[in-house]
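Shown next, in structure tokens, is the structure this report addresses.
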Amino acid sequence: MLKIIIQNLFQKEIISLAGVCKVIDLIHENHIDWMHACGKKGRCTTCKIIVLDGMDNLSPLTDREEYFKGIDRLTNHERLSCQAKLVKGEILIRVAEENKFSHMVYSE
Ligand code: FES
């Protein structure tokens with residue numbers, strides 16, 4: 001079982017019994033609006049997740065993520081949800097301030 005908990009979306013829990021899956025696909029399959037300006041191609045960083053726990057449960061950094069880390073647009077605690085796959089266990093994540101939608105209500 002794979003699980004994503006989104007802390008600042010009222011601790012929303014997403015549970016998947018399917019296999020390894022990109023984080024953004026699990027989020028979208030559960031009808032949660034999540035920014036993805038470049039169409040999930042690893043070109044924009046608007047889909048980034050702040051990972052509070054479970055970083056080791058994600059797939060290794062992709063070339064696109066290494067690129068954005070190299071130009072300081074991704075920190076050690078952040079991943080691109082269109083690149084990172086949840087491979088086991090669970091992750092606790094947050095939506096970044098700059099990527100929040102005005103039509104959605106977020107918690108602390
Ligand atoms: S949607 Fe643009 S980098 Fe992920």
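Some observations on this one:
- Odd one out for M35, checked against (1) over 13 Å from L80 (Cα atoms); (2) in contact (Cβ under 8 Å) with a residue 60 or more places away in the chain: (1)
- Some residue of segment 72-86 being modelled with pLDDT of 95 or more, farther than 19 Å from C38 by Cβ and surrounded by 16 or more Cβ atoms within 10 Å (Cβ to Cβ): yes
- Taken together, D63, D56 contain a single residue that is farther than 27 Å from S107 by Cα, charged (D, E, K, R) and out of contact with any Gly (no Cβ under 6 Å at 6 or more places or on another chain), which is D63.
- Here the condition is being surrounded by 14 or more Cβ atoms within 10 Å (Cβ to Cβ) and touching a residue at least 40 places away in the same chain (Cβ under 8 Å); of N99, N30, it holds for N99 alone.
The values are calculated or read from the model by the stated rules, or taken from the named source; none is laboratory data. Just so it is clear, the model here is predicted, and its values are computed rather than measured. Glycine gets a Cβ as well: all are built from the backbone with ideal geometry, and neighbour counts include every protein chain shown.
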